[in-house]
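Here is the structure we will look at.
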Amino acid sequence: MKFFIDTANIEEIKSLSETGLIDGVTTNPTLIAKSGNDIKDTIRNICKIIKGPVSAEVTAINSTGMIEEGKILFDIAENVVVKVPLTFEGLIACNKLREIDIPVNVTLCFSSSQALLAAKAGATFISPFIGRLDDIGLDGMNLISEIRTIYDNYDNITTEILAASIRTNNHVINAALQGADVATIPPKILKELFDHPLTKSGLDTFLDDWGKTGQKIV
Ligand code: E4P
């Protein structure tokens with residue numbers, strides 16, 4: 001499973017990239033607004049740190065505007081993926097951007113039928129939003145599972161399932177169990193994945209016992 005980080009915060013991206021575990025980044029207008037920085041500068045800076053796919057979202061609502069913005073965003077760096085919403089206009093833009101070999105992440109996916117349409121429009125990634133479905137009492141993970149089954153029924157579907165709107169450690173694990181290709185994870189949750197109380201107590205014991213030997217490796 002690929003790990004993307006879901007943030008536009010450059011310091012967090014720099015720090016987490018040091019783990020060597022980060023395959024890409026996703027941003028959205030809310031995350032750009034939170035960063036307080038210019039979208040183009042932010043995407044350019046992220047692409048200098050992360051060589052894998054970096055999603056940058058369009059803000060136009062008609063396909064012509066999305067295509068125009070998508071081309072501008074893609075010009076920033078060769079690893080930019082243009083993010084478009086899963087709307088009628090968004091999928092027209094997806095189709096046209098894919099015709100000129102610009103990778104596209106179709107976002108705000110909340111149903112299997114939407115995911116099927118995105119695949120037919122040639123999406124590079126489909127982003128089902130797990131957490132936001134859970135928030136309204138539905139089962140976000142079930143959507144990942146349904147999309148996996150549908151996509152696996154057709155050899156010609158190459159769209160990768162990018163589990164988005166991840167809120168918990170369990171979301172990451174369950175998305176992996178359901179066969180999502182990618183999870184885009186907020187930095188806080190990614191850091192939590194490292195932790196287990198038995199790792200901490202086990203390490204404390206090892207270090208105590210080691211101290212008693214008086215030995216040093218270096
Ligand atoms: C990523 O591509 C999405 O924009 C993001 O995961 C949405 O997460 P949220 O529902 O926590 O805002």
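Taking into account only those residues within segment 61-90 that are in a loop (DSSP other than H, G, I, E, B) and over 16 Å from residue 50 (Cα atoms), which is farthest from the chain's Cα centre (by Cα)? Taking the candidates together, the pick is 62.
With the structure loaded, tell me whether residue 177 is more than 24 Å from residue 104 (Cβ to Cβ), in contact with a strand residue (DSSP E or B) (Cβ under 9 Å, 6 or more places away or on another chain) and without any contact (Cβ under 8 Å) to a residue 40 or more places away in the chain or whether it fails that test. Give the derivation first.
On the way: more than 24 Å from residue 104 (Cβ to Cβ): yes; in contact with a strand residue (DSSP E or B) (Cβ under 9 Å, 6 or more places away or on another chain): no; without any contact (Cβ under 8 Å) to a residue 40 or more places away in the chain: yes.
Here the answer is no, as residue 177 does not meet what is asked.
Of 63, 55, 35, all but one fail to be hydroxyl-bearing (Ser, Thr, Tyr) and away from the ligand (no atom under 14 Å from the Cβ); the exception is 63. Checked against the criteria, residue 58 does not count as within 14 Å of the chain's Cα centre (by Cα) and modelled with pLDDT of 95 or more. Scanning segment 124-157 for residues that are among the hydroxyl-bearing types (Ser, Thr, Tyr) and farther than 21 Å from residue 25 by Cβ returns 145, 149, 151, 154. Selection of segment 1-12 for residues being touching a residue at least 60 places away in the same chain (Cβ under 8 Å) and either away from the ligand (no atom under 14 Å from the Cβ) or over 21 Å from residue 171 (Cα atoms) (or both) yields 1, 9, 12. With respect to the conditions (1) closer than 24 Å to residue 18 by Cα; (2) surrounded by 14 or more Cβ atoms within 10 Å (Cβ to Cβ), residue 199 lacks only one, and its number is (2). Give me the residue from segment 155-196 that is farther than 24 Å from residue 85 by Cα and among the basic types (Lys, Arg) and, out of that set, surrounded by the most Cβ atoms within 10 Å (Cβ to Cβ). If we take residues in segment 155-196 being farther than 24 Å from residue 85 by Cα and among the basic types (Lys, Arg), then 191 is surrounded by the most Cβ atoms within 10 Å (Cβ to Cβ). Pairs linking a residue in segment 113-139 that is closer than 15 Å to residue 97 by Cβ and surrounded by fewer than 21 Cβ atoms within 10 Å (Cβ to Cβ) to a residue that is charged (D, E, K, R) and at pLDDT 95 or above, with Cβ atoms under 7 Å and 6 or more positions apart or on different chains, are 122/98.
Counting only residues that are farther than 17 Å from residue 26 by Cα, surrounded by fewer than 22 Cβ atoms within 10 Å (Cβ to Cβ), more than 16 Å from the ligand (Cβ to nearest atom) and of a type outside the set (Asp, Glu), segment 73-98 holds 5 of them. Scan segment 167-181 and give yes if some residue there is modelled with pLDDT of 95 or more, farther than 29 Å from residue 136 by Cα and more than 12 Å from the ligand (Cβ to nearest atom), otherwise no. No.
The values are calculated or read from the model by the stated rules, or taken from the named source; none is laboratory data. Fair warning: this is a prediction, and the values are worked out from it, not measured in the lab. No Cβ is skipped: glycine too gets one built from the backbone with ideal geometry, and neighbour counts run over all protein chains shown.
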